[in-house]
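In what follows, a structure is listed as structure tokens, so that the remarks can point back to it.
The values are calculated or read from the model by the stated rules, or taken from the named source; none is laboratory data. This structure is a prediction, so every number in the text was calculated from the model and none was measured. Here Cβ is always computed from backbone atoms with ideal geometry, including for glycine, and neighbour counts include all displayed protein chains. When the accessible area is computed, the model is the full protein with side chains, heavy atoms only, and any ligands, DNA or RNA have been set aside. Shrake-Rupley method; radii C 1.70, N 1.55, O 1.52, S 1.80 Å.
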Amino acid sequence: MSTKIENIRNIGIIAHIDAGKTTVTERMLFCCGSTHRVGEVDKGTTETDFDEEEQERGITIYSACVTFKWAGKTVNLLDTPGHVDFTAEVERCLRVLDGGVVVFSAREGVEAQSETVWRQANKYKVPRICFINKLDREGASFSSVVSEIRNRLEGNPIPIQMPVGEGPAHVADPFRGLIDLIRMKYVEFTDDGSKAVYLDIPSELMDDAELARQEMLEELCNFDNELMECLLQEESPADDLIHRVLREATLAQQIQPLVCGSALHGIGVPLVLDAVARYLPSPLDMPPVTGLAVKKRKEEHESRKPDASEPFCGLVFKVLPAKTGDLSWVRVYSGELKSNSRVLNPGKDKKENVAQLWKVHGSKREQIQLGPTGDIIAVIGLRSSVTGDTLCDPQHPILLETIEFPETVISMAIEPETTGDRKKLGEVLEMMKRQDPTFRATENEDTGQTLISGMGELHLEVIKNRLLRDFNLNVKVHKPRVNYRESVKEPATAKGECHRQIAGQSHFAEVQLQIEPTESAQGLSVTSRASLEDVPAEFLSVVLDELRNRSEGGGVIGGFPLSKLKVTVLALRSDETSNEIAFRIAAGMAFESALQKAGPIILEPVMRLKITTPEEHMGDFVGDLQQRRALIAGTENRGKFTEIEAHAPLAELFGYSSAMRSLSQGRAGVSMEPFAYWPAPDSVAASYQM
Ligand code: GDP
């Protein structure tokens, strides 16, 4: 049962943690008949949060893709995590989806994390609709959230509904339904929340509804002449015209249609789905993907249209373990993916077996034979491919842009207790690395320890718990510590000369290079300005390769990876005795000597903190942050709460979540994400030079 490409919607729910993403997802599945009961997050029985870790913490960490039908459309819903320790997960999902539903809580409104995800969605140019949830909560305010989206997120939300009432049942005018400003009907929902019931607008609400409709139309006519004409003639535009303008302006990312409700109480979700079907893009609305055409001896860019007749290409964006082998989630960008076929992973130059194709509908899985263009499917059979890898037709290789992942900022040593555990640990870590590319694991043969690294304390804790609980491993876990890097203070040049006797013969090579600190590179960027007039080109490639290899563990203070460093090869000299080994040696010597001259320094990871605290604790937080060497980047008053943005070294933030809970009696919240690498205090370098 294949779907026409224009009827596919690849969407994600993007939200601040606790805004109600899981509850909304559950409701959607229920409305579409994919599940027979509404899971309740609070009871840990939901369909998409299937990882035990998530259920325990109540956060969605490992996003899964669920497929369902609505209004003739096939919706592939990617469940993106909201916790900023998992930003990479969110970015990875944004890369493969075509549209988003941004969920806000009507009570909390736009929070620090909403800003992060909104910015990410801008970066990936994701058209979106907004859903204001939790209108039944005490203190809910539709209009404040709309203006916060405008002012804080610089969005352009267009309410296409008006809530009727606000707040819980015991208030005078509780939230009970909404007015559809296009059909001009009052909408209530069946008891199970799965269907909308359209009624006439009660007369006492008519004036407000007409005013709200007028505002909507006046905003929209800025984007369409026909609608403008209609309004100038004082005619009432047809519903279809309004839908068309909403869709076009959404796709052009000029507006975000805004709907509202209460997912928990079954109000509004069917209309969220209508908006998804109507206004969010199909894969056909997206520009063709581009990538490197990987052909022998020739590298050029090519693009692939979302068309079944194009050669197949797709991107692996998620790998999940399953009893039958890894389940690799693939977005098909062009052509079709067939089961029992062979594809190429051009990045690794490996052929892969596509044994089976699957779709997941809630808790049920369906095996399919063909993954059509534009669709998202799960593949069983891949062995070498990891998150971020391209798959393509072996006859028409193309390498899509890989997904960028930030550097890890924190590490923890773990030691298996027995030989059996050691073997199993190795396998489990390999699998976890395939699933989560922001996680690293390296084994130190000398100490028998394995170092695992990630994006923050919570990230490592989640991994630790999986090892201990899900895989029942006996491992000793050491305290986490920060990942330092090394760089230099100032530019320096140096020369390395090799006159080596190798196997009785003298070999000559000379390399001159410059090292300088740079803000733009994460690791070590290596380029050349050397003239190749008198030197064979292969010697230059050897030199560049040797220098790139210096990145990991190349620092001269503590052997930390080098970062924010630019190396430029200035000149090479060779004679008839020169060979590759001599050039490697000369390059290494020039590099070491330039590093020493340029003043090596240690860099430490700095996190961006967004703290939301009741105003009365603000002073305590600022004082505490200053003790932690933090820079306060700004504070903002948000009703009874104050939001503090600070940049603080990770080294000072261990256990910060619990420290802040005691500072505020549990009333403050914090989000943290890697922000930058800054020079560490001299004491850090001194401790390695003793
Ligand atoms: P997520 O972290 O964004 O996935 O949010 P959840 O779906 O887990 O919801 C967080 C909490 O808010 C849970 O306790 C839900 O029961 C509750 N919740 C979700 N939607 C609503 C709503 O519309 N009204 C109310 N009152 N509570 C809600």
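Brief remarks on what is shown
- Chymotrypsin sites (Phe, Trp or Tyr not before Pro) restricted to DSSP loop in the stretch 452-556 with at most 13 other C-beta within 10 Å: none
- Volume of the Cα convex hull of the stretch 323-422, divided per residue and given in Å³: 170 Å³
- Distance (nanometres) between label positions extended 7 Å along Cα→Cβ at HIS478 and ARG150: 5.6 nm
- Whole-angstrom gap from the stretch 644-670 to the stretch 89-159, using each part's C-alpha centre: 25 Å
- Using the rule -39500 (n - 2.57) for each DSSP H run of four or more residues, divided by the residues of the chain, the 222 nm mean residue ellipticity is -8000 deg cm²/dmol.
- Förster radius 22 Å - calculated FRET efficiency between ARG629 and THR518 (Cβ-Cβ, nearest 0.05): 0.35
- Distance between the modelled labels on ASP307 and SER236, one decimal in nanometres: 4.4 nm (7 Å Cα→Cβ projection).
- For the chain, a crude dipole built from +1 on the beta carbon of Lys and Arg and -1 on the beta carbon of Asp and Glu, taken about the Cα centre, is about 2000 debye to the nearest 20.
- Pairs exceeding a 30 Å alpha-carbon distance, out of LYS21/LYS464; LYS125/LYS359; LYS423/LYS610: LYS423/LYS610.
- Spin-label model, ASP446/ASP208: points 7 Å from Cα along the beta carbon direction are separated by 7.2 nm.
- For the stretch 335-437, GluC sites (Glu not before Pro) are listed when DSSP marks them as loop and at most 16 other Cβ atoms sit within 10 Å of their Cβ; the list is GLU401, GLU404, GLU417.
- Isotropically averaged projected area of the stretch 153-249, using the convex hull of Cα atoms (one quarter of hull area), nm²: 8.0 nm²
- Estimated from the Cβ-Cβ distance and a Förster radius of 45 angstrom, the FRET efficiency linking THR493 and LEU284 is about 0.25.
- Karplus-based coupling profile of the stretch 668-682, in residue order and whole Hz: 9, x, 9, 10, 9, 8, x, 10, 6, 10, 10, x, 7, x, 4, with θ = phi - 60° in 6.51 cos²θ - 1.76 cosθ + 1.60 and x standing for Gly or Pro.
- Here the Karplus relation 6.51 cos²θ - 1.76 cosθ + 1.60, evaluated at θ = phi - 60°, turns the backbone of the stretch 247-256 into coupling constants of 5, 5, 6, 5, 4, 7, 6, 8, 9, 10 Hz, with x for every Gly and Pro.
- Contour excess over end-to-end distance, with Cα ends at LYS195 and GLN254 and 0.36 nm allotted per residue: 18.2 nm
- Percentage relative contact order, the stretch 427-545, counting C-alpha pairs under 8 Å, at least six apart: 13 percent
- Percentage relative contact order, the stretch 337-471, counting C-alpha pairs under 8 Å, at least six apart: 19 percent
- Considered as an equivalent ellipsoid built on the Cα gyration tensor, the stretch 394-505 has semi-axes of 34, 22, 20 Å, the largest given first.
- q = 0.10, 0.12 Å⁻¹: log10 I(q)/I(0) that the Debye formula gives for the stretch 192-331, counting C-alpha atoms only: -0.61, -0.78
- Cα-based helix-to-principal-axis angle, 419-435 vs the chain, degrees rounded to 10: 60 degrees
- Over the stretch 534-690, the ratio between the Cα radius of gyration and 2.2 N^0.38 Å evaluates to 1.55.
- Counting DSSP beta bridges with both ends in the chain, the antiparallel % (nearest 5): 80 percent
- Contact order, relative form, for the chain: 10 percent (alpha carbon pairs under 8 Å, 6 or more residues apart, mean separation divided by residue count).
- Along its first, second and third principal axes, ordered by size, the chain spans 101, 63, 58 Å in Cα coordinates.
- Amide hydrogen neighbours beyond the local backbone of GLY555, cut-off 5 Å, H modeled: PHE560, LEU562
- Using the alpha-carbon positions of the stretch 259-400, Rg (one decimal) and Dmax (whole number) come out as 17.2, 61 Å.
- Derived scalar couplings between HN and Hα for the stretch 591-608 equal 5, 4, 5, 5, 4, 4, 5, 7, x, x, 9, 9, 10, 10, x, 10, 9, 8 Hz in order, rounded to whole Hz, by the Karplus curve 6.51 cos²θ - 1.76 cosθ + 1.60 (θ = phi - 60°), x for Gly and Pro.
- Overall, the accessible surface of the stretch 162-299 at a probe of 1.4 angstrom is composed of carbon and sulfur to the extent of 48 percent.
- Solvent-accessible area per residue, Å², over the chain with all protein chains present [probe radius 1.4 Å]: 44 Å²
- Separation between Cα centres of the stretch 422-497 and the stretch 339-360, rounded to whole Å: 29 Å
- Within the shell of other residues whose beta carbon sits under 14 angstrom from the beta carbon of GLY558, the net charge comes to -2, with Lys and Arg scored +1 and Asp and Glu -1.
- Residue list for the stretch 604-638, given a label point 7 angstrom along the Cα-to-Cβ vector of ASP682 and an amide N cut-off under 19 Å: 604, 629
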